[in-house]
Amino acid sequence: MTVRARNFRPYVGAPTSALARLLVLPRYAYREVFKAKLVTGLFTASFIVPVGALLVVWLKHNLAALARTPLANGLSFPIDERFFGFLLLTQSYFAFALTLFVCPSIVSPDLVNGALPLYLSRPINRWQYVAGKLLVLVLLLSAITWLPLLVVFLLEASLSPGSWGFTNISIAGSIVAASLLLVVLLSLVAMAISAWVRNPSIARALLFAGAVIPAAIGRILGRLLETELGRLLDLGAAWGRVLEGFFGIAVRSGGLPLTGAWLALLSASALALLALHRKLRAFEVVR
Amino acid sequence: MSAFLELSGLSVRLGKRDVLRDLRGTLSGRSIGLLGPNGAGKTTLLHTLLGFFPPSAGSARLAGFDVVRQSRDVRRAVGYMPENDAFIAGISGVRYVAQFAELSGLPPAQALERAHEALFSVGLGEVRYRTLETYSLGMKQLVKLAQAIAHGPRVLFLDEPTNGLDPPGRQRMLRFIQEIRDSGEIRIILSSHLLRDVEECCDEVLILKDGRVAALCNLEAERKANRRLIELETAGGNGSFTDALAGLGCSVAPGIRRRVKVLLPEGVGPRDLYRLASEQGVQLRHLTYQRDSLEEIFLRAMEG
């Protein structure tokens, strides 16, 4: 039988599950994402701090080993919520940098070349497409935020005497909650910008500008109107304030009210969802 | 044959414009052509069947599925080749086809195997590892076809499949569509503004004009009916040939220059005409089947 004749056979096997179809998008996207050496390098570099943290935790519990290092006096700080707060803050910069490079290259190529109708002519809907593409970033950013930090937490819990892990279980909750907030916010905003402008380079520039310009405008407004509410435009500051709330660390959030910070982050996510709803259609209707 | 596409007052409004208006009809052909001038609503009809646009009124059923309520089943059954460019930059032909096959519900190994087969089928086997940006326009049309057939759909939507192809490429594409049709495994809905494409590939045609059904015709039945209508040109004889034809039960319409149009009754074939001509001492210099071409049907529909 020739290849050609075989090709018209209908597929008679059982179709894969909805979840399996959803995971097709991240699976294919990762192959493309990690083709870029910059992304691979950045992703690898994102583990330097968590690995360092693991080492610190291990050293603190191995006094004999610690005594042989020049850090003997430098590691006197406690492993507490502030320690994990600063770790997450550091990881959030890596998360932003990764988003900057990864996100535009996972959505824009579908939109700019008209591939979206092909996706949506399959048994997946628009929101499954969005979820599939979001998963690309969510899994990637999770791998550098809450997952390694939880490993650090578990190491500390296993090496600490008594029930340190149970006593400080709220830290683990804060790590997961704050990380997921960051991951979802970054993913949604980046995807919305990428869907809106379609050009990966412009999307990157806009995403970067989006982190800098509103902050500047917020500060100018703050100076002019003598209020800190202008800083609500600064999503970075809002995220910092939420992080303060979770871990009790001092981030330069400019005295934003915690509720206002949450509102700013949730509003940004809602706006991003609205933008995706408007832009991710099989075909745009010209009214 | 059971109804394959049923349109029951289907209307679609996009923005402030009624793009499809009260489409009604039942089609059951193996290969259905959507014909009409640009802007007639052919592509909108395909997109509505795929669930991209919600009907503003009425309903439609495709392969037994309601296109609104069972949209997922429809999309599982369909392979769609869009009119415009639809590719993903940076990935190879085989990964492009395999990805869409997986999204249609095939396991990864099956999807990859079928992607290779589909690309060989359409003649892109040698270039399947090249990235899509390096493909020519004709190759992009073919790779779109490959992704539409790779997952073994029951229905194939082809939107202007010969767009941008040179004549040999167009012939190859049409031949390929005919092969798919003749395989009997896949039903085809082909949208085109090119009469020849539809005529060569389809056995039933829905002609659209300004978003309405202008005509619905069964080309297969027309072709069969046309096989009974023959045009003859004769020479010689004593003029009694037309009477003899009438004696065979034929309806005869004389034309100019000894040409006659003959409508053959059941049981009478061209062989009988040759025999009769021989008996009458008449030379048959020209014998053709009358083709009431799709062009005539289309023009009548447009005038209507």
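The values are calculated or read from the model by the stated rules, or taken from the named source; none is laboratory data. Just so it is clear, the model here is predicted, and its values are computed rather than measured. Note that each Cβ is placed from the backbone with ideal geometry, even for glycine, and that neighbours are counted across all protein chains shown.
Looking at A:PRO161, A:PRO148, which one is not in a helix (DSSP H, G or I) and not β-branched (Val, Ile, Thr)?
Sole residue among the options that is not in a helix (DSSP H, G or I) and not β-branched (Val, Ile, Thr): A:PRO161.
Can you pull out every residue in the stretch A:105-138 that is within 12 Å of chain B (Cβ to nearest Cβ), of a type in the set (A, V, I, L, M, F, W, C) and in a helix (DSSP H, G or I)?
If we filter the stretch A:105-138 for residues that are within 12 Å of chain B (Cβ to nearest Cβ), which is where we start, we get A:105-126, A:128-129, A:132.
Subsequent filtering for residues that are of a type in the set (A, V, I, L, M, F, W, C) retains A:106-107, A:111-112, A:115-116, A:118, A:120, A:124.
Across the stretch A:105-138, the qualifying residues are A:ILE106, A:VAL107, A:LEU111, A:VAL112, A:LEU116, A:LEU118, A:LEU120.
When the stretch B:21-40 is examined, which residues are found to be crowded, with 16+ Cβ neighbours inside 10 Å and touching a helix residue (DSSP H, G or I) at 6+ places or on another chain (Cβ under 9 Å)?
B:LEU23, B:GLY29, B:ARG30, B:SER31, B:GLY33, B:LEU34, B:LEU35, B:GLY36
Please determine, by comparing only the residues of the stretch A:1-27 that are more than 7 Å from chain B (Cβ to nearest Cβ) and modelled with pLDDT under 70, which one is surrounded by the fewest Cβ atoms within 10 Å (Cβ to Cβ).
A:MET1
Please give the number of the condition B:ARG72 fails out of (1) over 27 Å from B:THR43 (Cβ atoms); (2) within 7 Å of chain A (Cβ to nearest Cβ).
(1)
If B:ASN163 meets every condition in (1) in a loop (DSSP other than H, G, I, E, B); (2) touching a residue at least 40 places away in the same chain (Cβ under 8 Å); (3) crowded, with 22+ Cβ neighbours inside 10 Å apart from one, which number is that one?
Among (1) in a loop (DSSP other than H, G, I, E, B); (2) touching a residue at least 40 places away in the same chain (Cβ under 8 Å); (3) crowded, with 22+ Cβ neighbours inside 10 Å, the lone unmet condition for B:ASN163 is (3).
Criterion first (out of contact with any strand residue (DSSP E or B) (no Cβ under 8 Å at 6 or more places or on another chain) and either within 7 Å of another protein chain (Cβ to nearest Cβ) or not in a helix (DSSP H, G or I) (or both)) does B:GLY105 satisfy it? Break it down stepwise before answering.
Working: out of contact with any strand residue (DSSP E or B) (no Cβ under 8 Å at 6 or more places or on another chain): yes; either within 7 Å of another protein chain (Cβ to nearest Cβ) or not in a helix (DSSP H, G or I) (or both): yes.
Spelling it out, B:GLY105 is indeed out of contact with any strand residue (DSSP E or B) (no Cβ under 8 Å at 6 or more places or on another chain) and either within 7 Å of another protein chain (Cβ to nearest Cβ) or not in a helix (DSSP H, G or I) (or both).
Taking the stretch A:147-170 as the region of interest, how many residues are crowded, with 20+ Cβ neighbours inside 10 Å and modelled with pLDDT of 95 or more?
4
Give the residue, chosen from A:VAL56, A:VAL51, that is part of a helix (DSSP H, G or I), exposed (fewer than 15 other Cβ atoms within 10 Å of the Cβ), among the β-branched types (Val, Ile, Thr) and more than 14 Å from chain B (Cβ to nearest Cβ). Walk me through how you get there before you give the answer.
On the way: A:VAL56 fails: exposed (fewer than 15 other Cβ atoms within 10 Å of the Cβ).
Testing whether each residue is part of a helix (DSSP H, G or I), exposed (fewer than 15 other Cβ atoms within 10 Å of the Cβ), among the β-branched types (Val, Ile, Thr) and more than 14 Å from chain B (Cβ to nearest Cβ) leaves just A:VAL51.
Part of a loop (DSSP other than H, G, I, E, B), closer than 25 Å to A:ASN113 by Cβ and in the same structural domain as B:GLY105 (by TED's automatic domain parsing): does that describe B:LEU145? Lay out the reasoning, then the answer.
Values: part of a loop (DSSP other than H, G, I, E, B): no; closer than 25 Å to A:ASN113 by Cβ: yes; in the same structural domain as B:GLY105 (by TED's automatic domain parsing): yes.
Judged against the criteria, B:LEU145 is not a match.
So, A:VAL102, is that one away from chain B (no Cβ under 14 Å) and among the aliphatic types (A, V, I, L, M) or not? Break it down into steps so the answer makes sense when it comes.
Details: away from chain B (no Cβ under 14 Å): no; among the aliphatic types (A, V, I, L, M): yes.
Criteria not met by A:VAL102.
Does at least one position in the stretch B:178-193 carry a residue that is assigned to a helix (DSSP H, G or I) and crowded, with 19+ Cβ neighbours inside 10 Å? If you could, list the steps in order and put the result at the bottom.
From the stretch B:178-193, those assigned to a helix (DSSP H, G or I) are B:178-183; that's our starting set.
Okay, now just the ones that are also crowded, with 19+ Cβ neighbours inside 10 Å, so B:180-181.
Yes, the stretch B:178-193 contains a residue that is assigned to a helix (DSSP H, G or I) and crowded, with 19+ Cβ neighbours inside 10 Å.
Quick one: which of B:GLU204, B:GLU233 is at pLDDT 85 or above and in contact with a helix residue (DSSP H, G or I) (Cβ under 8 Å, 6 or more places away or on another chain)? Please lay out each step first, then the result.
Values: B:GLU233 fails: in contact with a helix residue (DSSP H, G or I) (Cβ under 8 Å, 6 or more places away or on another chain).
Criteria check complete, one pass: B:GLU204.
Write out, first by first residue and then by second, each pair whose Cβ atoms fall under 8 Å of each other, whose residues are 6+ apart or on separate chains, and whose first residue, in the stretch A:197-223, is farther than 19 Å from A:TYR93 by Cβ and charged (D, E, K, R) while the second is part of a helix (DSSP H, G or I) and modelled with pLDDT under 80.
From residues that are farther than 19 Å from A:TYR93 by Cβ and charged (D, E, K, R), the pairs are A:ARG219/A:GLY230; A:ARG219/A:ARG231.
Can you name the residue in the stretch B:108-123 that is among the charged types (D, E, K, R) and more than 7 Å from every other protein chain (Cβ to nearest Cβ) and is also surrounded by the most Cβ atoms within 10 Å (Cβ to Cβ) among such residues? Spell out how you get there, then give the answer.
Our first condition is that a residue be among the charged types (D, E, K, R); within the stretch B:108-123, this holds for B:113-114, B:117.
Adding the requirement that they be more than 7 Å from every other protein chain (Cβ to nearest Cβ) leaves B:113-114.
Working: B:GLU113: 16, B:ARG114: 25.
Of everything passing the filter in the stretch B:108-123, B:ARG114 is surrounded by the most Cβ atoms within 10 Å (Cβ to Cβ).
Of all residues being at the interface with chain A (Cβ under 7 Å from one of its Cβ atoms) and surrounded by fewer than 23 Cβ atoms within 10 Å (Cβ to Cβ) in the stretch B:76-85, which is farthest from A:VAL24 (Cα to Cα)? Just the residue, please. Give the derivation first.
Taking the stretch B:76-85 and keeping what is at the interface with chain A (Cβ under 7 Å from one of its Cβ atoms), we get B:76, B:78, B:80, B:82, B:84-85.
Adding the requirement that they be surrounded by fewer than 23 Cβ atoms within 10 Å (Cβ to Cβ) leaves B:76, B:84-85.
Values: B:ARG76: 16, B:ASN84: 24, B:ASP85: 22 Å.
The qualifying residue farthest from A:VAL24 (Cα to Cα) is B:ASN84.
Under the condition of being in a strand (DSSP E or B) and of a type outside the set (A, V, I, L, M), which residue from the stretch B:35-69 is nearest to the other protein chains (Cβ to nearest Cβ)? Steps first, please.
As a first pass, look at the stretch B:35-69 and keep what is in a strand (DSSP E or B): B:35, B:57-62, B:65-66.
Going one step further and asking which of them are of a type outside the set (A, V, I, L, M), we end up with B:58-59, B:61, B:65-66.
Values: B:GLY58: 19, B:SER59: 20, B:ARG61: 18, B:PHE65: 12, B:ASP66: 15 Å.
Within the stretch B:35-69, the match that is nearest to the other protein chains (Cβ to nearest Cβ) is B:PHE65.
Where residues in the stretch A:89-127 are polar (S, T, N, Q) and in contact with a Leu (Cβ under 6 Å, 6 or more places away or on another chain), which of them is surrounded by the most Cβ atoms within 10 Å (Cβ to Cβ)?
Keep residues of the stretch A:89-127 that are polar (S, T, N, Q), which gives A:90-92, A:99, A:105, A:108, A:113, A:121, A:125.
Pick out the ones that are also in contact with a Leu (Cβ under 6 Å, 6 or more places away or on another chain) and you get A:92, A:99, A:121.
Working: A:SER92: 23, A:THR99: 24, A:SER121: 28.
If we take residues in the stretch A:89-127 being polar (S, T, N, Q) and in contact with a Leu (Cβ under 6 Å, 6 or more places away or on another chain), then A:SER121 is surrounded by the most Cβ atoms within 10 Å (Cβ to Cβ).
For the stretch B:12-33, state whether one or more residues are among the β-branched types (Val, Ile, Thr), without any contact (Cβ under 8 Å) to a residue 24 or more places away in the chain, part of a strand (DSSP E or B) and under 19 Å from B:ILE297 (Cβ atoms). Give the derivation first.
The initial filter retains those residues of the stretch B:12-33 that are among the β-branched types (Val, Ile, Thr), namely B:12, B:19, B:26, B:32.
Next, only the ones that are without any contact (Cβ under 8 Å) to a residue 24 or more places away in the chain stay: B:26.
Adding the requirement that they be part of a strand (DSSP E or B) leaves B:26.
Now restrict to residues that are under 19 Å from B:ILE297 (Cβ atoms): B:26.
Yes, the conditions are met somewhere in the stretch B:12-33.
Results for (1) modelled with pLDDT under 85; (2) not in a strand (DSSP E or B), shown as yes or no for each residue.
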residue	(1), (2)
B:ASP243	no, yes
B:GLY249	no, yes
B:ILE256	yes, yes
B:LYS261	yes, no
B:ALA277	no, yes
B:GLN283	no, no
B:ALA301	yes, yes
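Give the number of residues within the stretch B:148-160 that are away from every other protein chain (no Cβ under 11 Å) and not in a loop (DSSP other than H, G, I, E, B).
Restricting attention to the stretch B:148-160, the residues satisfying the condition of being away from every other protein chain (no Cβ under 11 Å) are B:158, B:160.
Restricting the remaining residues to those that are not in a loop (DSSP other than H, G, I, E, B) gives B:158.
Number satisfying all stated conditions: 1.
Given B:TYR96, B:TYR129, which one is in the same structural domain as B:ILE180 (by TED's automatic domain parsing), farther than 23 Å from B:ARG181 by Cβ, crowded, with 24+ Cβ neighbours inside 10 Å and not charged (D, E, K, R)?
Numbers: B:TYR129 fails: crowded, with 24+ Cβ neighbours inside 10 Å.
Testing whether each residue is in the same structural domain as B:ILE180 (by TED's automatic domain parsing), farther than 23 Å from B:ARG181 by Cβ, crowded, with 24+ Cβ neighbours inside 10 Å and not charged (D, E, K, R) leaves just B:TYR96.
List every residue pair whose Cβ atoms sit under 7 Å apart, with the two residues 6 or more apart in sequence or on different chains, where the first one lies in the stretch B:226-250 and is surrounded by 14 or more Cβ atoms within 10 Å (Cβ to Cβ) and the second, anywhere, is of a type in the set (D, E, K, R) and part of a loop (DSSP other than H, G, I, E, B).
Taking only residues 6 or more apart or on different chains, the pairs are B:ASN226/B:ARG291; B:ASN226/B:ASP292; B:GLU233/B:ARG258; B:THR234/B:ARG258.
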